[in-house]
Amino acid sequence: ATALIDNRKAEFAALEVDEMVLPWAIQQTQPKVIVLLNLGRDQLDRLSEVRVVAAKWKSALATLSPACKVLADADDPFVTWAARDLVNVIWFTSGTSGHMDASTCPECGVVLKWSADKSTYSCECGFRKPSPEWILRENVLAGPNNQKVSIVSAIPGMAALSNAARAVITGSFFGVSLVDSSEAISKVSSVDGRFGQLTIGLTNFRLLLSKNPASWRETLATSASGPQSLLLVVNAQTQDGKDTSWLWDVDFSPLKGRTVFVTGDRRLDVSARLTVAEIDHQITDNESSAAKIIGKNDADLIASYTAFHRLAKGVKR
């Protein structure tokens, strides 16, 4: 909405929308291109179960004009199920393995069969992973007609690289060359404060956002190669979702051996989860208290939605 207010005469608008807002956004904007990322589990008081969201997507996508291109994630069975009947769907794969909610087929409910490496899936009803037109392997994106380009992301993590690749593909739909898009994306080092540098006391934090089990999984993987110290800030305000049961869907084992601090409105909930996972940690009153202990060192700070946006105001631009 802010983008449209800033420049109503712009020829194009790229809008990121919440999963549950997609049906409304389709109705309101009549898009030329839709990019469907993966569908992951979220807080139940914010979103419904993944299967319910996928069903809403499927119904909304069925109303699209045949001219609308849909770039869809073939690695995700729910996205595949929602988009597979479209006449103008383009499939993308980054080789993501498995899906925590896809034990059964979205079409018929029978147990879904996954390959040994969890890269493909199929069902006896005929539902299966589609053949992708675009393939990302490591940092090389290959597409139709022998198109190929290297994707470089200044933002760390496989998820960021995969998203960058999809942005490059989308640009090609509007006539932007793969090389030009890739070069432009390589210069982006922070998005709205994500992965930005934040100084609290003497500590230099790298700020990361995590909102649900899927994003925590990616963020923890990205942080694994980061500094020894790590601060987790979890709130449960309206924008965060008041239900914190999703914490039990997160594998916190990558934190073993690191120096972990916990704060935020729900620091006791996080502490209970880490205790069960046998992760040594220390509870602090706030970020400043943690920074006093960490001292003049680098650290990662992973924050939930409201904490992130409060802290992002202090990110170095």
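Taking helices (runs of 4 or more DSSP H) as the structural unit, those lying wholly within segment 180-294 and holding at least 2 residues that are among the hydrophobic types (A, V, I, L, M, F, W, C) and within 23 Å of the chain's Cα centre (by Cα) correspond to 213-223, 267-276.
The listed residues are A154, A159, A165, and the only one of them that is within 30 Å of V250 (Cα to Cα), hydrophobic (A, V, I, L, M, F, W, C) and touching a Leu at 6+ places or on another chain (Cβ under 6 Å) turns out to be A165.
Please go through segment 236-249 and pick out each residue that is surrounded by fewer than 22 Cβ atoms within 10 Å (Cβ to Cβ) and at negative phi. Once the filter is applied, which keeps residues that are surrounded by fewer than 22 Cβ atoms within 10 Å (Cβ to Cβ) and at negative phi, segment 236-249 yields A236, Q237, T238, Q239, K242, D243, T244, S245, W246, L247, W248, D249.
Surrounded by 20 or more Cβ atoms within 10 Å (Cβ to Cβ) and out of contact with any helix residue (DSSP H, G or I) (no Cβ under 8 Å at 6 or more places or on another chain): is that true of S162 in this structure? So S162 fits the description; yes.
Among the residues of segment 207-226, the one identified as surrounded by fewer than 18 Cβ atoms within 10 Å (Cβ to Cβ) and under 20 Å from E287 (Cα atoms) is G226. The residues on offer are A72, A1, and the sole one that is among the aliphatic types (A, V, I, L, M) and modelled with pLDDT of 95 or more is A72. Checking the structure you have, find out if any residue of segment 170-187 is outside the structural domain of A13 (by TED's automatic domain parsing), under 30 Å from K292 (Cα atoms) and surrounded by 13 or more Cβ atoms within 10 Å (Cβ to Cβ). Taking every residue of segment 170-187 in turn, none turns out to be outside the structural domain of A13 (by TED's automatic domain parsing), under 30 Å from K292 (Cα atoms) and surrounded by 13 or more Cβ atoms within 10 Å (Cβ to Cβ). Applying a threshold of 6 Å to beta carbon distances and a minimum spacing of six or more residues, or different chains, the list of pairs starting in segment 162-184 at a residue that is closer than 13 Å to V149 by Cα and touching a residue at least 60 places away in the same chain (Cβ under 8 Å) and ending at one that is β-branched (V, I, T) and not in a helix (DSSP H, G or I) reads A165/I151; R166/V35. Condition first: without any contact (Cβ under 8 Å) to a residue 40 or more places away in the chain and surrounded by 19 or more Cβ atoms within 10 Å (Cβ to Cβ). Now tell me which residues in segment 142-159 satisfy that. G143, V149, I151, S153 - these are the residues of segment 142-159 that are without any contact (Cβ under 8 Å) to a residue 40 or more places away in the chain and surrounded by 19 or more Cβ atoms within 10 Å (Cβ to Cβ). Of all residues assigned to segment 84-98, none qualifies as being under 28 Å from Q239 (Cβ atoms) and surrounded by 19 or more Cβ atoms within 10 Å (Cβ to Cβ).
The values are calculated or read from the model by the stated rules, or taken from the named source; none is laboratory data. Values in this document were obtained by computation on a predicted structure and should not be read as measured data. No Cβ is skipped: glycine too gets one built from the backbone with ideal geometry, and neighbour counts run over all protein chains shown.
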